[in-house]
Amino acid sequence: MTWLETSTENCTVRRTLDLVGEKWTLLVLRDAMNGVRRFDDFRRHMGMSEAVLSDRLRKLVAAGILDTVPYQEPGSRTRNEYRLTPKGWDLWPAMIALKQWGDRYTADPEGPPLEVRHRDCGEAVEAVVVCSGGRDPLTPRQAYTRPGASARPRDHGGDER
């Protein structure tokens with residue numbers, strides 16, 4: 001079965017984008033990965049509406065990407081902080097890859113507005129693709145795709161989108 005003969009209905013990239021592929025969702029994740037936890041801090045930092053932020057946080061919690069943890073300021077009602085789950089932190093390499101691409105192609109002439117550095121040595125962090133049998137970085141030409149265990153033939157009768 002070739003790629004064009006393979007159904008995209010159960011594509012994991014598609015399913016991932018259904019969960020996190022919207023701009024504001026990725027920006028919420030960016031802020032959460034940089035230590036933002038409280039609703040008002042997310043809203044102030046990103047300048048998004050309460051309704052949009054509430055919707056994105058709700059969806060990320062429902063997907064198990066964020067957890068809520070109650071907190072209470074003295075004299076105030078109990079509210080929730082939003083913390084990344086292990087599932088949420090597993091998106092970190094993808095966020096680093098997006099940042100790396102953006103730093104290369106969309107940064108201001110002075111350079112990127114944010115650096116991610118290794119705590120031990122201070123060197124820049126970068127996303128690379130490696131073979132699970134070795135540790136050398138790969139180029140796209142060094143890899144190939146093939147149907148996986150859940151691949152299904154494409155229904156040629158109609159549009160799958």
* Hey, Glu5 hits all of (1) touching a residue at least 40 places away in the same chain (Cβ under 8 Å); (2) open to solvent by less than 70 Å² (accessible area, probe 1.4 Å); (3) within 30 Å of Tyr144 (Cα to Cα) but one; which does it fall short on? -> (2)
* Tell me, please, whether a residue that is closer than 16 Å to Leu27 by Cα, free of Cβ contacts under 8 Å to residues at least 40 places away in the same chain and aromatic (Phe, Trp, Tyr) can be found in the stretch 96-110. => yes
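Does Ala32 fit the bill of being in contact with a Leu (Cβ under 6 Å, 6 or more places away or on another chain), touching a residue at least 40 places away in the same chain (Cβ under 8 Å) and within 22 Å of Arg117 (Cα to Cα)? Quick ask: steps written out before the conclusion?
Numbers: in contact with a Leu (Cβ under 6 Å, 6 or more places away or on another chain): yes; touching a residue at least 40 places away in the same chain (Cβ under 8 Å): yes; within 22 Å of Arg117 (Cα to Cα): yes.
Spelling it out, Ala32 is indeed in contact with a Leu (Cβ under 6 Å, 6 or more places away or on another chain), touching a residue at least 40 places away in the same chain (Cβ under 8 Å) and within 22 Å of Arg117 (Cα to Cα).
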* Entirely in the stretch 46-137, the helices (runs of 4 or more DSSP H) that have 2 or more residues that are touching a strand residue (DSSP E or B) at 6+ places or on another chain (Cβ under 8 Å), modelled with pLDDT of 95 or more and surrounded by 12 or more Cβ atoms within 10 Å (Cβ to Cβ) -> 50-62
* Go through the stretch 36-45 and give me each residue that's open to solvent by 60 Å² or more (accessible area, probe 1.4 Å) and under 18 Å from the mean Cα position of the chain (by Cα). => Arg37
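The values are calculated or read from the model by the stated rules, or taken from the named source; none is laboratory data. Nothing here was measured: the structure is a model prediction, and the numbers come from that model. FYI the Cβ positions are ideal-geometry reconstructions off the backbone, even for glycines, and counts take in every protein chain you see. With ligands, DNA and RNA removed, areas are computed over all heavy atoms of the protein, side chains included. Shrake-Rupley method; radii C 1.70, N 1.55, O 1.52, S 1.80 Å.
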